[in-house]
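What follows is a single structure, written as structure tokens, with notes after it.
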Amino acid sequence: MAAGVFCMCGIVGIVGSNAVAERLVDALKRLEYRGYDSAGVATIHNGAMDRRRAEGKLFNLEKRLDAEPLPGNTGIAHTRWATHGVPNVTNAHPHFVDGVAVVHNGIIENFSELRDELTAEGAVFTTQTDTEVVAHLMAKYLREGVEPRAAMLRMLNRVSGAYALVVMLKSDPGTLMAARSGPPLAIGYGRGEMFLGSDAIALSPFTNEIAYLVDGDWAIVTRDGAEILDYAGNPVERPRQISQTTAYVVDKGNHRHFMEKEIYEQPEVISHALSHYVDFASNTVGDNAAAIDFKSVSGLAISACGTAYLAGLVGKYWFERYARLPVEIDVASEFRYREMPLSPSQAALFISQSGETADTLASLRYCKDNGLKIGAVVNVKESTIARESDAIFPIMAGPEIGVASTKAFTCQLAVLASLALGAGKARGTITPEQEKQMVRHLAEMPRIMSRVLNLIEPQMESLSRELSKCRDVLYLGRGTSFPLAMEGALKLKEISYIHAEGYAAGELKHGPIALIDENMPVIVIAPYDRFFEKTVSNMQEVAARGGRIIFITDEAGAAASKLPTMATIVLPNVDEIIAPMIFSLPIQLLAYHTAVFMGTDVDQPRNLAKSVTVE
Ligand code: M6R
């Protein structure tokens, strides 16, 4: 991949019948999960093209627009997540070159060589972005007298990499041209108006009639409709569908942050998710958990990123234990390049809240090319990962706005638990009685979650004051608590910026124990399960070296351990099938309160974005 500034970004365009700037910003608000380093909007009015751009979050752009409104019925807009270079106004999109305006999501991989070529021909680059080459190429071809469509096609055949692009020309105020090679791009059909956006949610206030471009499509969009073509210039048909996405109200309710709201929503959304997969009347796993024929598959490959990967890792323990199904799991950024031998007799599961994560999508395509049956455990049912899968397993968490994933994680776990039990049932590795018993435990989970949230909140809040003074924190766990330890560490570092690591408790003595001293809190996650005694031995090793222990356990565990701790968080005794979801709550609250105490931007932590559409 080329070096330079590139973005992961949200883009939107409107060819309207009245002023568009405000609506473009409204659409950007729904895309801010894709990045918030800078934002910009450009319109055409009375034959002139103009733009407003601002560093940082969207409200800065809104302030710019309040001070200097932008008239015009055609426009494009962008919210940016930069991976290289300074996220300043100069690098903010839209980029202008000689009457050409461009917004871009993705990476132009050959931008460096194109930039050298164009500079040698006299082009003057004013930004550090890869995107600017697109505007320069278009401007060059137009100057040479190439008509706009042909210029677009020529430009598309010169650039390589991953991109969703929208191009606006001063010379043609009633038209936008768009292209997709990688990141998603949707066309929205309105009445006498047309829309373009990175997803259907962005366009949801304007229209629910959507067609998705597929890779290698480009489109010419006017007020009256869209012409979709391939890169050879041949027309192609893409079905219009009615999007189920609603223009949800982005509202924190009584909560200070979306993350807090989403933590407290978990009992309700988990209940919703579970009822899609299990029948609480008969206490059995239903058909929705059988959209993949687990009985006939020889193994499962799971791939995902970040928190979704950690949910997959818990899932591995479940599929192997309850369904005796071997699971190959890796983070998607490694999975996609490992060239692992796969067989069409295996199935593959991809877990993603957004359904747009670039590495996860690439892993999916690798498995698809190898003939595997593909299942998607996603929150956004209309996402690219969902659309490219054979079976969709929705997690039904509702919109998750906080960058730190909370309710999506526990809903992913609830769905994976249901699928593992469904697989066990299909493969005959759990008895009908065991199925009933475990579904009963799943059914109890929302109620227990509500109780736990109320029970531990004050303790988590006061403990977070201690944690906020630390530079480093270690999390330990065994079995399904090992992925939870990693999830706890990920949550803490992502929103409080405190360095944290999650380890398998048994690995402590193979290196990390050297870090233990009186300044290093060690958070031990240990329900009273078959690993409990072993984990307590590891805790003993920490205590013997002066380490301060925060012990997250249940009533039975608290009664069984006599070790002195800095704090013990006591949860109710629960069955091990639901323990990972219940034990997620203290680690989420601890990270949340620590971040609040430290005054960080909890919902939009620095350098991050909700949806990661670059590799
Ligand atoms: O949308 P996805 O679930 O594919 O996103 C994967 C990760 O980027 C995501 O889980 C990330 O690690 C979270 N910010 C963690 O809280």
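The values are calculated or read from the model by the stated rules, or taken from the named source; none is laboratory data. All values derive from a computational prediction rather than experimental measurement. Don't worry about glycine lacking a Cβ; one is built from the backbone with ideal geometry, like all the others, and counts go over all protein chains shown. For accessibility, only protein heavy atoms count, side chains too; no ligands or nucleic acids. Shrake-Rupley method; radii C 1.70, N 1.55, O 1.52, S 1.80 Å.
Taking the square roots of five times each eigenvalue of the Cα gyration tensor of the stretch 59-169, the equivalent ellipsoid has semi-axes of 24, 17, 13 Å, listed largest first.
Within the shell defined by Cβ-Cβ distances under 12 Å, the residues around Asp37 carry a net charge of +3, with Lys and Arg each +1 and Asp and Glu each -1. Overall, the chain carries a charge dipole of about 540 debye about its Cα centre when +1 sits on the Cβ of Lys and Arg and -1 on the Cβ of Asp and Glu, all other atoms neutral.
How do 499-507, 417-425 rank on mean C-beta neighbours within 10 Å, highest first? Kindly include the intermediate steps, with their values, before the conclusion.
Values: 499-507: 19.8, 417-425: 26.2.
Highest to lowest by the protection proxy: 417-425, 499-507.
Shown in residue order for the stretch 461-478 are the 3J(HN,Hα) couplings computed by the Karplus curve 6.51 cos²θ - 1.76 cosθ + 1.60 at θ = phi - 60°: 5, 6, 5, 5, 4, 5, 5, 5, 8, 8, 8, 9, 9, 10, 10, 10, x, 10 Hz (x for Gly and Pro). When Val297, Val331 are compared by accessible area of protein heavy atoms, the largest-first order is Val331, Val297, using a 1.4 Å probe.
Each helix, a run of at least 4 DSSP H residues, gives -39500 (n - 2.57); summed and divided by the residues of the chain, these come to -11500 deg cm²/dmol at 222 nm.
Shape call for the stretch 152-229 from the C-alpha gyration tensor, a ≥ b ≥ c root eigenvalues: rounded (a/c under 1.5), prolate (a/b greater than b/c) or oblate? Taking the square roots of the gyration eigenvalues as a ≥ b ≥ c, the stretch 152-229 is oblate. Its Cα centre serving as origin, the stretch 10-246 has a Cβ charge dipole (Lys and Arg +1, Asp and Glu -1) of approximately 420 debye. Start at zero, step by 10 Å, and the Cα-Cα distances of the stretch 10-246 spread as 9, 36, 40, 15, 1 percent across the bins.
Ordered by 1.4 Å accessible area with all protein chains kept, His510, His593 run largest first as His510, His593.
At q = 0.09 Å⁻¹, what log₁₀ I(q)/I(0) does the chain have when each alpha carbon counts as one equal point scatterer in the Debye sum? Each listed q corresponds, in turn, to -0.74. Straight-line cross-link partners of Lys373 among the lysines, defined as a Cα under 30 Å from its Cα and at least 8 positions apart when in the same chain: Lys295, Lys316, Lys381, Lys407, Lys425, Lys436, Lys610. For the chain, find the longest principal axis of its Cα atoms and tell me its angle to the long axis of helix 266-277, 0 to 90°, nearest 10. That works out to roughly 90 degrees.
Please grab the % of Cα pairs in the stretch 261-598 that end up more than 36 Å from each other. Walk me through the numbers before you get to the answer.
Values: 9471 of 56953 pairs.
Tail of P(r) above 36 Å: 17 percent of Cα pairs.
Between Ile302 and Glu328, Ile329, Asp330, Leu349, the built amide H atoms are under 5 Å apart, and every one of these is 5 or more places off in sequence or on another chain. Among 477-486, 257-266, the peptide with the highest mean count of other Cβ atoms within 10 Å heads the list, and the full ranking is 477-486, 257-266. The Rg/Rh ratio of the stretch 296-397, with both radii computed over alpha carbons and Rh defined as the Kirkwood radius, is 0.92. Using amide H atoms built 1.01 Å from N in the peptide plane, name the residues 5+ places from Phe393, or on other chains, whose amide H lies under 5 Å from its own. Those lying under 5 Å, H to H, from Phe393 are Ala376, Val377, Val378. Counting only the Cα atoms, the stretch 338-478 fills a convex hull of 178 Å³ per residue. Principal-axis analysis of the Cα atoms of the chain puts helix 532-544 at an angle of about 90° to the longest axis.
Percent of C-alpha pairs per 10 Å bin in the stretch 200-356, short distances first: 8, 22, 28, 28, 13, 1. Normalised per residue, the accessible area of the chain is 37 Å², obtained with a 1.4 Å probe and no contribution from ligands, DNA or RNA. Keeping the other protein chains in place, figure out the carbon and sulfur percent of the accessible area of the chain, with a 1.4 Å probe. Here carbon and sulfur together make up 49 percent of the probe-accessible area. For the chain, the longest principal axis of the Cα atoms and the long axis of helix 579-598 meet at an angle of about 60 degrees.
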